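Peer 1: Handing you a structure now.
The values are calculated or read from the model by the stated rules, or taken from the named source; none is laboratory data. In this text, all values refer to a predicted model and were calculated from it rather than measured experimentally. In this analysis, Cβ positions are derived from the backbone assuming ideal geometry, glycine residues included, and neighbour counts consider all displayed protein chains. Calculation scope for accessible area: heavy atoms of the full protein, side chains included, ligands and nucleic acids excluded. Shrake-Rupley method; radii C 1.70, N 1.55, O 1.52, S 1.80 Å.
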Amino acid sequence: MTNRISLLPDHVANQIAAGEVIQRPASVVKELLENAVDAGSDTIQLIVKDAGKTLVQVIDNGTGMNSTDIRLAFERHATSKINIAEDLFTLKTKGFRGEALASIAAIAHVETHTRVENEDVSHCLKIEGSQVIEQTLSTQPKGTSIAVKSLFYNIPARRNFLKSDTVELRHVIDEFHRVALAHPGIKFLFFNNGSELFDLPSSNLRKRLVAIFGNKLDSLLVPIEETTSLARLNGFVVKPSHAKKTRGQQFFFVNNRFIRSPFLNHAVSAAFEGLLRPGFNPGYFLFLELDPKTIDINIHPTKTEVKFEDEQSLYAILRSTIKHSLGIFQVIPTLDFEQNQTMEVPYAFKNKVPTSPPIEVDSSFNPFKDSASNRKPKMEQWEGLYSGIQSLPTEEVSSTHSLVEVPQATRVFQLFFKYIVCPLRTSMLLIDQSRAHQRILYERFLSAITTKKGISQQLLFPLTIELNPQQEEQFKSSYEILEALGFEIKHIEKSIEVMGAPEHCPPSKIESVIETLLLENDKESENQHFSYADQVAKSMAQSLAIRPGETLKLEEQHRLLDDFFGCKETTVSPFNKQIFITLEKGEIEQKLS
Ligand code: ADP
Ligand code: MG
């Protein structure tokens with residue numbers, strides 16, 4: 001009988017290992033940047049083409065490799081960073097597995113140029129799918145340049161699995177942020193398709209944060225600092241008033257390595273308890289230093305998960321330190337003030353020019369013909385229901401003018417600052433004000449986007465919004481849709497000037513709305529069930545709709561109902577929530593019988 005078990009050839013083993021370490025261009029970026037940091041570089045350049053699908057290149061001015069090292073670097077389990085397993089517990093470097101370069105070389109075309117300081121010549125090595133194609137000498141400056149081309153060229157399934165350039169670039173930028181934040185002393189440059197995305201000079205953490213996320217962040221940072229026998233904690237949290245709906249600004253570094261930890265994240269959230277509106281997440285950039293012996297970073301192939309020996313104490317340190325700092329920096333009173341403000345902001349109907357809702361009249365409808373008391377109101381029957389209350393003769397119902405007038409005469413009122421109660425002929429409607437308004441806005445914005453006829457209102461004072469490089473990229477690809485919505489925007493270097501905004505978008509909301517829309521753009525192809533237009537309309541509706549708790553004046557209530565009754569769909573909100581309930585006369589009578 002022939003043997004059934006055989007050792008896998010190296011290139012196959014490497015391809016399999018690559019599957020674990022390299023999921024997408026961003027994984028290559030992470031490994032190459034980390035190697036450049038480990039090599040003691042003080043300037044690192046990242047160059048990508050087509051979000052890294054065509055090229056990821058990292059150029060550093062670190063130690064470089066000699067002729068033997070350059071060959072060994074691409075062997076599996078070849079590392080200069082540990083010799084014995086115990087070294088893992090005193091690790092100061094990013095890498096240690098000696099797996100990354102071998103994995104990358106198994107699934108791409110890799111070209112390396114490298115020179116150590118005291119040698120005259122540099123070494124150049126070309127590898128394709130683990131095969132050495134060429135090794136030559138040349139004269140390059142000290143340091144290393146590794147170019148990874150045609151990633152996954154020999155694994156079409158993986159290549160096809162990659163997302164759009166926008167999404168992949170987003171991942172690349174995320175990895176870049178993580179390394180750049182952990183090493184503010186190193187100068188970083190980042191080019192995508194020939195244009196510069198980041199130029200980060202050597203500086204400190206605060207300046208690095210501002211260089212990456214924009215000047216606005218500077219005044220929002222609350223410093224965090226604590227040293228205990230167990231750990232040293234430092235960094236910043238973002239003032240709770242500027243918490244975001246996304247988790248884009250949550251960074252934990254343990255011994256200068258970016259990690260994900262739902263547990264530590266929970267500790268931070270606990271410190272913010274009571275200070276955040278529901279659905280908002282705290283922003284933080286926190287660095288923990290611990291004795292490497294008390295942690296295990298070796299539990300995950302891409303090294304973003306960590307096990308801690310004394311989790312409970314860490315949790316307590318984080319929570320109390322952050323809570324304390326939030327207190328010292330007096331962010332709490334500010335927030336209380338802001339919360340009250342949002343509760344009292346009246347719904348801005350007063351600036352609106354009244355328009356007739358586009359009601360389609362069902363002239364054959366006769367409200368008096370209907371005898372059943374358990375009838376559910378349907379769109380085309382709204383007017384009839386109203387007219388019943390008004391006891392208008394049926395003939396008049398067919399006049400558009402009288403239809404518009406009808407709700408005005410109806411007695412409606414607001415209940416619990418949350419619902420509009422609307423008595424009908426044989427029933428009563430309880431309408432959720434927020435969901436109804438979301439529906440109205442959603443339909444309007446969607447139609448504005450699809451017809452490209454969004455109505456723009458000129459701003460008295462144009463508004464300048466600073467954009468960080470990544471928002472700038474997102475802006476370029478969102479420009480068309482913003483314009484369709486009714487935004488009038490000029491792109492000036494590193495910022496935009498907003499001269500006009502869509503109807504229903506008050507100046508105070510413009511900045512946050514645009515910020516959210518730019519983020520939405522990223523999710524585009526990750527969420528393929530919904531079109532971008534649909535997502536944008538939803539997101540705008542959500543940001544701009546009246547909230548529960550807002551007082552509505554009588555004419556505002558009427559306007560809301562008018563607009564709502566003109567909607568194409570009235571049963572559910574854009575987020576699939578029921579908008580109203582009906583209380584039938586019969587039901588009421590039964591309850592009181
Ligand atoms: P690891 O980083 O885990 O050691 P890698 O496969 O990423 O494994 O790298 C293998 C080895 O190649 C490293 O240990 C290092 O000695 C060398 N190396 C990789 N990149 C560079 C670089 N940019 N400059 C100098 N040496 C490098
Ligand atoms: Mg490495």
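Peer 1: Using DSSP to define loop residues, name the GluC sites (Glu not before Pro) in segment 114-217 whose beta-carbon has at most 15 other beta-carbon atoms within 10 Å.
Peer 2: On the way: sites: E117, E119, E128, E134, E168, E175, E196; in loops: E117, E119.
In loop regions of segment 114-217 (DSSP not H, G, I, E or B), the sparsely surrounded GluC sites (Glu not before Pro) are E117, E119.
Peer 1: If the chain between R547 and E587 were fully stretched, how many nm would it gain, using 0.36 nm times the residue separation less the Cα-Cα distance?
Peer 2: Working: separation 40, 0.36 × 40 = 14.40 nm, distance 2.95 nm.
In short, 11.4 nm is gained.
Peer 1: At a probe size of 1.4 Å, how large is the accessible area of H77, to the nearest 10 Å²?
Peer 2: Here the accessible area works out near 120 Å².
Peer 1: Using a cut-off of under 11 Å, list every residue of segment 452-495 whose amide N is near the label point 7 Å from the Cα of S531 along the Cα-to-beta-carbon line.
Peer 2: Within reach of a label on S531, which here means backbone N under 11 Å from a point 7 Å along Cα→Cβ, segment 452-495 contributes 452.
Peer 1: Between T136 and Y479, what FRET efficiency follows from the Cβ-Cβ distance if R0 is 41 Å, with the result rounded to 0.05?
Peer 2: 0.35
Peer 1: In addition: For labels at D310 and T68 in the simple 7 Å Cα→Cβ model, what's the distance in nm?
Peer 2: 4.3
Peer 1: Of V56, V29, G19, which is farthest towards the positive pole of segment 1-66's charge dipole, taken about the Cα centre with +1 and -1 on the beta-carbons of Lys, Arg and Asp, Glu respectively?
Peer 2: Highest projection toward the positive end goes to G19.
Peer 1: For the pairs K49/K476; K476/K509; K163/K239; K53/K245, note any where the Cα-Cα span goes beyond 25 Å.
Peer 2: Numbers: K49/K476 17 Å; K476/K509 21 Å; K163/K239 34 Å; K53/K245 30 Å.
Distance filter (> 25 Å) returns K163/K239; K53/K245.
Peer 1: Gain in length, T246 to R411, computed as 0.36 nm per residue apart minus the alpha-carbon separation, to one decimal in nm? Write out the running numbers ahead of the final one.
Peer 2: Working: separation 165, 0.36 × 165 = 59.40 nm, distance 4.14 nm.
That pair, T246 and R411, stretches by 55.3 nm at full extension.
Peer 1: Could you please put H324, H183 in sequence from largest to smallest accessible area, using a 1.4 Å probe? Spell out each step's value before the answer.
Peer 2: Working: H324 115, H183 30 Å².
Sorted descending by solvent-accessible area, the residues read H324, H183.
Peer 1: Please compute the net charge surrounding S313, taking Lys and Arg as +1 and Asp and Glu as -1 over other residues with Cβ under 14 Å from its Cβ.
Peer 2: Numbers: positive: R232, R319; negative: E226, D291, E309, D310, E311.
Local charge sum for S313: -3.
Peer 1: With a 1.4 Å probe and every protein chain left in place, tell me how much accessible area K245 has, in Å² to the nearest 10.
Peer 2: Here the residue's solvent-accessible area equals roughly 100 Å².
Peer 1: Sticking with this structure for a sec: If F280, F413, F258 are ordered by their accessible area, calculated over protein heavy atoms with a 1.4 Å probe, which sequence runs from highest to lowest? Could the numbers behind the result be given before it?
Peer 2: Numbers: F280 50, F413 100, F258 30 Å².
Largest to smallest exposure gives the sequence F413, F280, F258.
Peer 1: Right, next: Would you mind working out the magnitude of the charge dipole of segment 533-593 relative to its Cα centre, with +1 at each Lys and Arg C-beta and -1 at each Asp and Glu C-beta, to the nearest 20 Debye?
Peer 2: Numbers: 8 positive and 10 negative charges, 36 e Å.
With Lys and Arg at +1 and Asp and Glu at -1, about 180 debye.
Peer 1: Roughly how many debye, to the nearest 20, is the charge dipole of segment 218-293 about its Cα centre, given +1 on each Lys and Arg Cβ, -1 on each Asp and Glu Cβ, and no other charges?
Peer 2: On the way: 9 positive and 6 negative charges, 79 e Å.
Rounded to the nearest 20 debye, it is 380 debye.
Peer 1: Determine the gain in length on full extension of the stretch E117-L430; use 0.36 nm per residue of separation and subtract their C-alpha separation, reporting nm with one decimal. It would help to have the intermediate numbers written out before the result.
Peer 2: Values: separation 313, 0.36 × 313 = 112.68 nm, distance 7.74 nm.
Length difference between fully extended and current span is 104.9 nm.
Peer 1: Using the Cα centre as the reference, give the magnitude of the dipole from point charges on the C-beta atoms of segment 10-202 (Lys, Arg: +1; Asp, Glu: -1; all else neutral), rounded to the nearest 20 debye.
Peer 2: Details: 20 positive and 25 negative charges, 98 e Å.
So the magnitude is around 480 debye.
Peer 1: Oh, and also: Taking square-rooted eigenvalues a ≥ b ≥ c of the alpha carbon gyration tensor, is segment 1-115 rounded, prolate or oblate, where a/c under 1.5 means rounded and, failing that, a/b exceeding b/c means prolate?
Peer 2: On the way: a/c = 1.95, a/b = 1.32, b/c = 1.48.
Cα axes put segment 1-115 in the oblate bin.
Peer 1: Further question on the same structure: With unit charges on the beta carbons (Lys and Arg positive, Asp and Glu negative) and the dipole taken about the Cα centre of segment 90-194, which residue among Q135, L162, I107 sits farthest to the positive side?
Peer 2: L162
Peer 1: Let me ask you something else. What GluC sites (Glu not before Pro) does segment 217-312 have in DSSP loop regions with at most 12 other beta carbons within 10 Å?
Peer 2: Numbers: sites: E225, E226, E273, E289, E305, E309, E311; in loops: E273, E305, E309.
Passing sites in segment 217-312 are E273.
Peer 1: Only bridges whose two residues both fall in segment 207-328 count here: according to DSSP, what percent of them are antiparallel, nearest 5? List each step's numbers first, then the result.
Peer 2: Working: 20 of 25 bridges.
Given both bridge residues lie in segment 207-328, the antiparallel proportion sits at roughly 80 percent.
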